[in-house]
């Protein structure tokens with residue numbers, strides 16, 4: 001998720017990027033389909049789809065932005081994010097404190113890339129950073145009041161939702177989901 005979010009923020013934070021129009025998404029059906037695989041069809045069908053270089057492959061009509069797999073990451077990690085998550089991602093990329101004011105949701109139903117459960121900027125496993133090496137499909141949830149997450153599990157192997165990056169400004173809930181049928 002770290003590499004993917006970094007690329008997402010770069011792509012979405014450039015001036016005028018939201019208005020950039022690239023080649024028709026019909027010329028890029030694999031990227032479009034891959035990006036849309038990140039979220040339920042009810043969200044992905046009307047989401048804006050942006051490529052990693054900032055090209056808008058399809059302008060959406062809802063408040064979601066989907067990105068295809070990041071070619072620089074090791075996993076298949078398309079994602080769809082709402083506005084609070086885009087705010088979070090921008091803050092994370094710039095090592096700033098996010099300032100979203102409402103609950104946010106992000107979908108990565110195709111999986112993701114290996115990452116630390118404890119350290120937001122870890123680049124590889126260490127004996128203490130609880131490295132998650134197996135990518136799983138998941139939903140990500142952020143809340144403005146991090147105190148509401150107290151008491152929730154932090155173990156990524158508990159079989160259910162857990163809190164990732166606890167004690168950092170980037171704390172969020174990870175909700176594992178079943179793998180999509182092929």
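The values are calculated or read from the model by the stated rules, or taken from the named source; none is laboratory data. These numbers were taken from a predicted model, which means no experiment stands behind them. Cβ sites come from the backbone with ideal geometry, for glycine too, and all protein chains shown count toward neighbours.
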Q) So is residue 7 in a helix (DSSP H, G or I), under 28 Å from residue 127 (Cα atoms) and either in contact with a strand residue (DSSP E or B) (Cβ under 9 Å, 6 or more places away or on another chain) or modelled with pLDDT of 85 or more (or both) or not? A) yes
Q: Go through the stretch 61-165 and tell me which strands (runs of 3 or more DSSP E), entirely inside it, have 1 or more residues that are within 17 Å of residue 37 (Cα to Cα).
A: 65-67, 79-81, 104-108, 138-142
Q: Please state which of the following conditions residue 42 fails to meet, knowing it meets all the rest: (1) surrounded by 13 or more Cβ atoms within 10 Å (Cβ to Cβ); (2) at pLDDT 90 or above; (3) in a helix (DSSP H, G or I).
A: (1)
Q) Residue check: is residue 100 closer than 22 Å to residue 143 by Cα and within 13 Å of the chain's Cα centre (by Cα)? A) no
(Q) If I ask for residues that are in contact with a helix residue (DSSP H, G or I) (Cβ under 8 Å, 6 or more places away or on another chain), at pLDDT 95 or above and closer than 20 Å to residue 140 by Cβ, which ones from the stretch 49-67 would you list? (A) 49, 62, 63, 64, 65, 66
**Q.** Out of 180, 95, sole residue that is over 16 Å from the mean Cα position of the chain (by Cα) and on the phi > 0 side of the Ramachandran plot
**A.** 95
Q: Tell me which residues, restricted to the stretch 84-100, are at pLDDT 95 or above, in contact with a helix residue (DSSP H, G or I) (Cβ under 8 Å, 6 or more places away or on another chain) and closer than 27 Å to residue 44 by Cα.
A: 98, 99, 100
Q: Would you point out the residue of the stretch 70-89, among those that are under 11 Å from the mean Cα position of the chain (by Cα) and without any contact (Cβ under 8 Å) to a residue 60 or more places away in the chain, that is nearest to residue 134 (Cα to Cα)?
A: 78
Q. What are the residues in the stretch 134-154 that are within 20 Å of residue 179 (Cα to Cα) and touching a strand residue (DSSP E or B) at 6+ places or on another chain (Cβ under 9 Å), if any?
A. 135, 136, 137, 138, 139, 140, 141
